[in-house]
Structure formats: C-alpha cells, structure tokens
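The values are calculated or read from the model by the stated rules, or taken from the named source; none is laboratory data. Computed from a prediction, not measured in an experiment: that's the story for all the values here. Note that we place each Cβ from the backbone using ideal geometry, even for glycine, and neighbour counts take in every protein chain shown. These area figures cover heavy atoms from the full protein model, side chains too; ligands, DNA and RNA do not enter into them. Shrake-Rupley method; radii C 1.70, N 1.55, O 1.52, S 1.80 Å.
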Amino acid sequence: MKKTILFALIIMMVMPLAGLFAEGQKDSDAVVIGANIYSFQDGFMNAVMKPTLESYAAERGAEIQIVDSEGQQAILNNQVDIFITKGVDVLAINLVDPASAQAIIDKAKKADIPLVLFNKEAPTEVRNSVMASYDKVWYVGTDSAESGIIQGQMMVADWKARPEYDKNGDGKVQYVMLKGEPGHPDAEARTRESVKAFTDAGIGVEQLALEADPNWSVQHGADKMAAWLTSSFAKDIELVICNNDNMAFGAITAMKAAGVRLPIYSVDALEQALTHISEGELDGTVLNDGVNQAKATIDLAINAAMGKDVVEGTSWKLTSDGSKAVRVAYVGVTPANYMDFQ
Amino acid sequence: MSTLTDKLFKRTKDEWKELLINNAIIIVIFAIIAVVVIREPSFVSVAVFRNILTQSSVRLILAFGVAGIIILQGTDLSLGRFVGFASVLSASLLQRPDYPSRFYPEMAQLPLFVPLLVAIAGCVLFSAINGWVVAKFKIHPFLATMGMMITLYGILSIYFASGAPGPQPIGGHDERYVQLVNGQTLGVPNLVIFATIVSVIIWVIWNKTTFGKNMYAVGGNPEAANVSGVNVMKTTILVYVLAGVLYGIGGYLEAARIGSANNGTGFGYELDAIAACVVGGISFSGGVGKVSGAITGVLMFTIISYGMTFIGLDQYYQYIIKGILIVVAVSLDTKKYLKKV
C-alpha cells in the first residue's frame, strides 16, 4: 500500500517534467531567449513585465525561458552560466544588483552571446564605461529619475491648484514618505526627485517622517501610516508620498480605518491603483510602462540574436549619450486621465 | 499590611535579582514605553493603544500557530507563505461584485465564512503534510518547513497568476469583509476581539485538554512521552493542524487588514512570529511556553516598532535596537530556565 502511494507520488512529480522536455524540442530554428526576473515577488515585475515578455515573445515566434533570481545576484550569475551552457541565442537580463552589470556582461562577452539588460541599469557613474566594454550589450528601461520627477510634477500642480492642501497655510509642504528598498536606484531616485519638484518650483518642504521597506510591501504602508496618524505630527501631515502602489494601498487602508483622507501619490499604476483613483482615494500614480519595456526588450533581443541592427524594423530609438539604451517614457496617471489606462 | 510590604520590599539581594530576571521582558517593555513617552508624551493615548492592539492581533494569532510547533522543539519557516496563501485565497474569493478587475469575474458574492473555511482548509492540508513529514521521517522541522516554504510559494504564485486579470494585486475587497475585519464592536476593534477569542481557545487547548498536555509532554521529552503511552505521531500532526487553522485565520484577516493581497504577502512574517514566541519565553529547547508568553512577545515587538516609528527614529537604528533586544531578552529568559533546572 505504502509503496503504491509512493510510486504514484513519484509518477505525479515526474509527469510534468516529461512534458517540459517534450516542449523544449520544438521549433529548432526559433530564436531562444534566456531571460530572468530579479524576483517573482516584485508585484510590478510579476504582474506586468513577465506576462508581456512571455506573450510578446510568443507573438514574435521566439522561445523564451524566464527564471526567478529570487532577489539574489549570486543566483542570477549561476542562471546566466546555465543559459550559456544550454546555448541560448540571446540573454535578456534583469539585474538583481545593478552594480553587478560588469560581471554579467563579461560572461556574455566570453560566450559571445548578445545581451539585453532591462529594467535595472548599471549605476550612472560607471554606466557608459560598462556598456562600452562589449559591443553586443544594450539596455531597455526607463530613466529612474523620471518617475519621481513626474510624480513630483503631479503633486506640485495639484498643490498649486488646491490651496486647501496647505492645511496650516505656511506655504510649505509637510509630508510623510513611504520609501522602497534603501539603495534601490528607483527608490532613491523617486524619494529625491519627488521632493525636488517642490523645491524647484520654489515651494518649501518639511519631511515629518520617512520609513523604508526592503519589500515595498502593503503591510509596511498600512502599519506605518496607522502609526503616523496617531503621532504628535498627525495633524500636520499635508501630503503622503509613496514610492510604489503597494505601500499606497496599505496607507489608504490605514487612512480609511482612521477616518482620514490625506492627499496621496504613488508610482506603478497597477489596476488596484486605478480603482482607488476612480473612487477618489488616490490622487495620482505614475505608469511605469512595463508593457512597452517588455516589448522593446524582446524586439531588441530578437534583432540581436539574428545579427541585425537592434532597433531595425521597430519604433524604438537608442540614446546617443553612450548608455546604449532604449528609454520608455513614464506617464502620469491622474483622476483626469485614468480611464485611458484601464 | 506589614506582611504585604514585607513581601513586596523586604528581599535579599539575590531575591531582587531573581525578580528582575523573571520579569525582564516586562521591564524592557516598560523601559521602551518610558523612553518613547519622554520623547513624545502624546504616545499615551487611546488611539495609540488601539492601534498597537490592532497591529498585534494577526501577529498574535500567527504566533500561537508557530508556538505549538516550537513547544515540540521545532520551528516553522513556512509560516509567512501560509499567510500569503490564505490571504490570496481569501481576497480572491471576496472581491466586490462591481470591482473592475476581479479574480473570478463571474462569481456571485459568497457568505463571509466560506472563504475563511477555504483558507483554513488549504492551510490545514499543507501544514498537516509538514507535521506528517516531521513525525514520520524524523526530519528536522527546520528543513521540512523550509521545503514547504518554497513549495507553497510556488503553489501560491501559480494560483495568484491564474486569476482573470493575471498576477495583479488583489484589492477591491467586499465591504462586508472589510467591515468584519477593520470594523469595531462597542468601540473595540474587531481584530482585537478575534485575537482575544483565539487566545482564550488556545489557552483552553494548551492547558485543559489531553491534546495540550500531550503536546507539552512530547515537546519536553518525546521518548518519555512515547513510553508513557502518548501517541507522538498523532500529537505532532495535530499540533501542525492547529497551526494550519491559525495560519488560515491569520491570512484571512491580514488581507483585509492591509487592503491588498499578492504572492509576496506574508513574506518574512515567520521570523517576527518566531522571535516574538522566543522572547515571550517559548523555549527552543521544547516543552515550555505559555499563552501569556506569546502575548507578551508579540506586544513587545509591536510596541518597539510602533514606538520607534512614532518618535521618528531613523530606521537603521530601529534595526540595531530590535536585534539587540531579541538577544538580550532571550538570554535573560534562558537564565531563568537554567536556574530552575
């Protein structure tokens, strides 16, 4: 009896594997893309980038394998080695640690496989030299600072249009900030640029509190906002700035529980965010255009694998500043235009 | 009267020391509160008190789950994934009918208890597997639950991605569900009421039932328990089943509490829960642990984290203080038990 159960279990576990092998043998002349996502736990990467990479690759007739780097650069390094020994035609890599760009480029160069980095870029100071070290590496992404700049511009426009935002009438913005992972280029850029928009517009700022969360999580937004709303500076808060949607979802829940409605802005434009905007609970978010980033990544990868000019036959433009990048623009999403994104 | 004051104040140096050690964690909690209150007197308020209790509620329910396993000399690394699993299951079944991106677009509104039962059933199934693997193959729970942590993340992510809108955060919860979890009854937050009910039930199970006594016996010394006629395998599996029930309830509440669920929900909760148990005197060496210990441990962590956010202390310092407190609290606590042996 026990042996039968054990046998059945083993069969159940092996069957899907057999399916995988069978699948791997079709279409020998299709371009094979070896890709990763830095972490499947990242809501945005998992909800937007991954499905589009898969569907668009299929649409273009390419084969793509996407692995989860589990938030660890060491795991990604091993996965790249596996892809290289497996003989993929092109690599599409989402760095875990942007500072490790050189290591990945060196691996691709040694194996002479073209490489498209996406969504996470080498640090600005070394970017051009790193990208110049291999002729077959390109980058697809956004300009990290831009999401913060657009978020900031939305907030400044609303601040100027709605005098009631300035609760204490001192002409300065008293804000709290829900920040993402410290050291993450997007978190740092958004935190800096969103506030800079105010100072650039000649409006004074005062940070009442800032709490960062390595996981950018809903729970963080909920717990920290609830604590702030009971603090001595609760009545002074005029603006809630969130580095991403998830933390804003938590903060909105906390505000509802406390019966408070403060102006709140985030980044990502996930579907739940659009609903919050439609219900008047969120004042603005910024679309990180993952669909077009994923499409550009696939287009460049396929061209590179076929030895063509990477942007040939596409609408993408490479930058001319030495970063060898296709930059997909961010879009501000407000109560006025959110319907266009649903 | 004089005997009472004698009892309170006339102690030898050693007795004072013992008193300090025995109540170390309570003293630490009050010291933290004192520091926070000195910095920000407004900390002493009903709103803060309510929030701390509310934020502790789900953590406490989860801590009870892993506490039983720790009493068996084990640990449960998969707790966080169970929370995510239960959260995603519950939220996907309890979205508003008019929400634009529903997980199940055509589904009718369910009674509130159905998703709760689904979440509990799902968690019980996988937690029972944990218990069976640990009891049957004598695999250390650290490894067995590590395996489950990874497996369950896969299962939960597949389910999460299978919804109609794709792997999107699951928001737009049914108003009845939000009200049940975030509402209040006679001025008391419902979450606190749930946590209180669960605490009472757990106290009865641990202290007044044969199963509870068997749990302590197996945790203290499995061989001795076996010799004296306790079914070790059954007790172990039941402890994991109870943990599954609590994880199911915790995840169901957590999704509505924070307002959105995704496959990352619950990530890292196991470490918070385990730390709270251990700080509350639920010893890794097994067989020891009280309901009041779990409550104290959970409250201590919530108070620290809430208090430090409240006074706006730089987060990097918060990490240092939390880390040191865990070690200090546990070493004081260990000393207490060493003495008794």
>> Which one, B:I258, B:I324, B:I197, has the greatest fluctuation when you compute a Gaussian network model over chain B with C-alpha springs under 10 angstrom?
In response: B:I324
> So how tilted is helix A:50-59 from the main axis of chain A? Cα-based, degrees 0 to 90, rounded to 10.
Replying inline: 50
>> I need the phi-derived Karplus couplings for the stretch A:88-98: 6.51 cos²θ - 1.76 cosθ + 1.60, θ = phi - 60°, integer Hz, Gly and Pro marked x.
In response: 5, 7, 7, 10, 10, 10, 9, 3, 7, 10, x
>> Full-extension gain between B:T334 and B:I193, please, as 0.36 nm times their residue separation minus the C-alpha to C-alpha distance.
In response: 47.6 nm
> Using modelled amide H (1.01 Å from N, peptide plane; none on Pro or chain starts), what sits under 5 Å from the amide H of A:V333, excluding residues fewer than 5 places away?
Replying inline: A:T285, A:V286, A:L287
> Among the residues of the stretch B:53-68, which ones have their accessible area go down by 10 Å² or more when all the protein chains sit together, as opposed to their chain alone (1.4 Å probe)?
Replying inline: B:Q55, B:R59
> Roughly how big is the A-B contact, given as buried accessible area in Å² (both sides, 1.4 Å probe, nearest 100)?
Replying inline: 3000
> Relative to the present Cα-Cα distance, how much length would full extension add between B:N231 and B:F113 at 0.36 nm per residue of separation?
Replying inline: 39.2 nm
>> I need the shape label for chain A. Rule: rounded when a/c is under 1.5, else prolate if a/b > b/c, else oblate, with a, b, c from the alpha carbon gyration tensor.
In response: prolate
> Considering amide H positions built from the backbone, and no H for Pro or chain starts, which residues 5 or more places from A:V205, or on another chain, come under 5 Å of its amide H?
Replying inline: A:V173
>> With an 8 Å Cα cut-off and a minimum separation of 6 or more residues, compute the relative contact order for chain A in percent.
In response: 17
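Hey, which of these cross-link pairs are over 25 Å Cα-Cα: B:K138/B:K208; B:K10/B:K322; A:K50/A:K256; A:K196/A:K224; A:K120/A:K324?
Details: B:K138/B:K208 28 Å; B:K10/B:K322 35 Å; A:K50/A:K256 33 Å; A:K196/A:K224 23 Å; A:K120/A:K324 14 Å.
Cα-Cα > 25 Å for B:K138/B:K208; B:K10/B:K322; A:K50/A:K256; rest within.
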> Nearest-5 percent of antiparallel DSSP beta bridges in the protein assembly as shown?
Replying inline: 20
> How high is the relative contact order of the stretch A:145-287, given as a whole-number percent (alpha carbon pairs under 8 Å, six or more residues apart)?
Replying inline: 26
> Which residues make up the longest stretch of chain B that has no trypsin sites (Lys or Arg not before Pro) in a DSSP loop with at most 14 other Cβ atoms within 10 Å?
Replying inline: B:139-341
> Over the protein assembly as shown, what percent of the accessible surface lies on carbon and sulfur atoms, probe 1.4 Å?
Replying inline: 63
> Given charges of +1 on the Cβ of Lys and Arg and -1 on the Cβ of Asp and Glu, with all other atoms neutral, how large is the dipole of chain B about its Cα centre, in debye to the nearest 20?
Replying inline: 880
> Residue farthest toward the positive end of the dipole of the stretch A:145-287, with Cβ of Lys/Arg at +1 and Asp/Glu at -1: which of A:Q207, A:H276, A:I264?
Replying inline: A:Q207
>> Residue by residue through the stretch B:190-198, what is 3J(HN,Hα) from phi via Karplus (6.51 cos²θ - 1.76 cosθ + 1.60, θ = phi - 60°)? Round to whole Hz and write x for glycine and proline.
In response: 4, 4, 5, 5, 4, 4, 5, 4, 4
>> Running a GNM on chain B with Cα contacts under 10 Å, which residue among B:I249, B:I139, B:I25 ends up with the highest mean-square fluctuation?
In response: B:I139
> Between B:S285 and A:R261, what FRET efficiency follows from the Cβ-Cβ distance if R0 is 45 Å, with the result rounded to 0.05?
Replying inline: 0.35
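Looking at the stretch A:93-162, which trypsin sites (Lys or Arg not before Pro) are DSSP coil and have at most 15 other C-beta atoms within 10 Å of their C-beta?
Loop-located and lightly packed - none at all.
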>> What is the angle, in °, between the Cα long axis of helix A:2-23 and the longest principal axis of the Cα atoms in chain A? Nearest 10 is fine, range 0 to 90.
In response: 90
> What nm value, rounded to one decimal, do you get for the distance between A:S133 and B:I21 when each label is placed 7 Å out toward the C-beta?
Replying inline: 5.6
> Between the stretch A:288-342 and the stretch B:85-124, what is the C-alpha centre distance in whole Å?
Replying inline: 36
> Along the charge dipole of the stretch B:172-266, which of B:T265, B:L246, B:V218 sits closest to the positive end, that is, farthest toward it, with unit charges on the beta carbon of Lys, Arg, Asp and Glu (+1, +1, -1, -1)?
Replying inline: B:V218
> What longest range of chain A stays clear of loop-exposed GluC sites (Glu not before Pro) (DSSP non-H/G/I/E/B, at most 15 other C-beta within 10 angstrom)?
Replying inline: A:1-278
> Near the amide H of B:T75, under 5 Å away, which other amide H atoms are found, from residues 5 or more places off or on another chain, if H is placed in the peptide plane?
Replying inline: B:F142
>> Compute a Gaussian network model of chain A, connecting alpha carbons closer than 10 Å, and tell me which residue from A:K167, A:K86, A:K317 fluctuates the most.
In response: A:K86
>> Per residue of the stretch A:330-336, what does 6.51 cos²θ - 1.76 cosθ + 1.60 with θ = phi - 60° give for ³J(HN,Hα)? Whole Hz please, x for Gly and Pro, Karplus curve as stated.
In response: 7, 10, x, 10, 10, x, 7
> Helix B:269-279 versus the longest principal axis of chain B: what angle, 0 to 90°, nearest 10, using Cα atoms?
Replying inline: 20
> Where only protein heavy atoms count, and the probe is 1.4 Å, what is the accessible area per residue for the protein assembly as shown in Å²?
Replying inline: 43
